[in-house]
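To keep things clear, I will list the structure first and then write my remarks on it.
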Amino acid sequence: MTPRWAWRLAAGALGVASASATATAGLCWYFASLVVGVDRSVTYPLRVLAVEGDEVTLSRDVDTERAAVLGLTWPGGHALLTADVTAAGRTVTRRVQKIVRGTLRPGVRAYVTGFVYDGDPRSVHGLEFREVPVIGELGTLPSWYVPAGSGRSPERLARSAGSASSAGSASSAASASSAGSAGSTWVIAVHGRGARPAEALRVLPTLHECGHPTLVMRYRNDLGAPPSPDGHDHLGDTEWRDLAAGIRYAKEHGATGIVLYGWSMGGAISMTALRRLPAEDAALIRALVLDCPVMDWTATLRMQAAQRRLPEAVTWSAARLAERRAGLRLGDFDQRRYAPALTVPMLIFVDLDDIVVDPQPTLEFAAARPDLVTLVTTQGGGHTRSWNTDPEGYAEQLRRFLARL
């Protein structure tokens, strides 16, 4: 159901008063379902209009016109698109870097993805990995384990990161050395809501190069993972327990430190875990890396409601309905409230053109803790696409941050 459809339904109802109530109830239910409903459907909103050499012409929308590295997926096929884009009227022409599988031809339906890559660590990057069973409270969570690369030592990473002072560099290198090899600190990657482990493929080569084993998690309601008992997403309120299971898995397999890496709702899950983990597991957390995280669900819902032109009363009622359906309080997930208690360093990427998650709470969180938060802002990529606007710059920021640990 769409808001416009609901309004048409209301306009055709028998009584004005009852129609208004029905429309409002329908809108509230619709928007609450967007908030906590589980939706694995795949849509192909774009049409491939022409293919000439290494150029493809697509229907134009807010994503296809972005000057960012993207993936293009159609039934049975996938291609990598460069950041080169030429817009004209209702179409855009983009350069195809590589067709990974399938045949790209005019007439097929497609969508663009910020994940860029389609596959697994071996097929995409040639990285060895294995699927491992992380045992959560609802069952097995099949996850990718990517071993550390021999790569560069912590000392070399610290030097290449260009620390502010030689004394600081020596201190960082000494700390890393005293903690053992960089391989003892694992990265646990947590994708966003409705996304897939493939979201982490963009950064796996950098993490591998830096010498960190990486566990790329699945969590409840993912394909291949157990569903939540009530069939709803819980915005981090229960999903954090699956991340806790991943932390236990890492600890049982030799991790002496953990870096949590979350995209979008994966950031909300990571922040919630940081607050709720048992003390012995929380003590393992060395740092967080967050990419366009949901730092305040209420602010994000208001932003999305405004985009849909929903009345404030409907937005408020839908939020309360979502809370009742999922058994949570949205106010508990305004992470700005917990900024004073932060004790570990954080690297946060925010794209200022994000129209999915409100970036303002994240900016305010970072401003509240400049002593621990390194904030990197980009523009033009959209939600969780800071990497896509500048892959090398993103990777270098990540290397520098990890070197300082």
Please list, ordered by residue number, the helices (runs of 4 or more DSSP H) wholly in region 295-375 having 1 or more residues that are under 19 Å from the mean Cα position of the chain (by Cα). 297-307, 360-368
Got at least one residue in region 339-349 being among the hydrophobic types (A, V, I, L, M, F, W, C), within 30 Å of residue 143 (Cα to Cα), in contact (Cβ under 8 Å) with a residue 60 or more places away in the chain and surrounded by fewer than 16 Cβ atoms within 10 Å (Cβ to Cβ)? yes
Considering each of 325, 329 in turn, give the residue that is closer than 21 Å to residue 241 by Cβ and surrounded by fewer than 15 Cβ atoms within 10 Å (Cβ to Cβ). 329
Being assigned to a strand (DSSP E or B), of a type outside the set (Gly, Ala, Ser) and open to solvent by less than 10 Å² (accessible area, probe 1.4 Å) is the requirement here; does residue 258 meet it? yes
Residues located in region 102-122, provided they are surrounded by 14 or more Cβ atoms within 10 Å (Cβ to Cβ) and either under 21 Å from residue 240 (Cα atoms) or of a type in the set (S, T, N, Q) (or both): 113
Taking the conditions exactly as written (small (Gly, Ala, Ser), more than 20 Å from residue 189 (Cα to Cα) and in contact with an Asp or Glu (Cβ under 6 Å, 6 or more places away or on another chain)), does residue 327 satisfy them or not? no
Can you spot a residue in region 273-290 that is part of a helix (DSSP H, G or I), open to solvent by less than 20 Å² (accessible area, probe 1.4 Å) and among the hydrophobic types (A, V, I, L, M, F, W, C)? yes
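Taking region 355-383, which residues are under 24 Å from residue 306 (Cα atoms), open to solvent by 10 Å² or more (accessible area, probe 1.4 Å) and of a type outside the set (A, V, I, L, M, F, W, C)?
Of everything in region 355-383, those that are under 24 Å from residue 306 (Cα atoms), open to solvent by 10 Å² or more (accessible area, probe 1.4 Å) and of a type outside the set (A, V, I, L, M, F, W, C) turn out to be 358, 359, 360, 364, 377, 378, 379, 380, 383.
Residue-by-condition table, conditions (1) in a helix (DSSP H, G or I); (2) touching a helix residue (DSSP H, G or I) at 6+ places or on another chain (Cβ under 8 Å); (3) surrounded by fewer than 22 Cβ atoms within 10 Å (Cβ to Cβ):
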{"residue": "215", "(1), (2), (3)": "no, yes, no"}
{"residue": "230", "(1), (2), (3)": "no, yes, yes"}
{"residue": "248", "(1), (2), (3)": "yes, yes, yes"}
{"residue": "267", "(1), (2), (3)": "yes, no, no"}
Condition (residue is modelled with pLDDT of 95 or more, open to solvent by less than 20 Å² (accessible area, probe 1.4 Å), over 23 Å from residue 43 (Cα atoms) and part of a strand (DSSP E or B)) applied to region 189-205: is it met by at least one residue? yes
If we ask which residues in region 66-91 are farther than 27 Å from residue 223 by Cα, surrounded by 15 or more Cβ atoms within 10 Å (Cβ to Cβ) and not aliphatic (A, V, I, L, M), their number turns out to be 3
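The values are calculated or read from the model by the stated rules, or taken from the named source; none is laboratory data. Note that this is a predicted model, so its numbers are computed, not measured. FYI the Cβ positions are ideal-geometry reconstructions off the backbone, even for glycines, and counts take in every protein chain you see. These area figures cover heavy atoms from the full protein model, side chains too; ligands, DNA and RNA do not enter into them. Shrake-Rupley method; radii C 1.70, N 1.55, O 1.52, S 1.80 Å.
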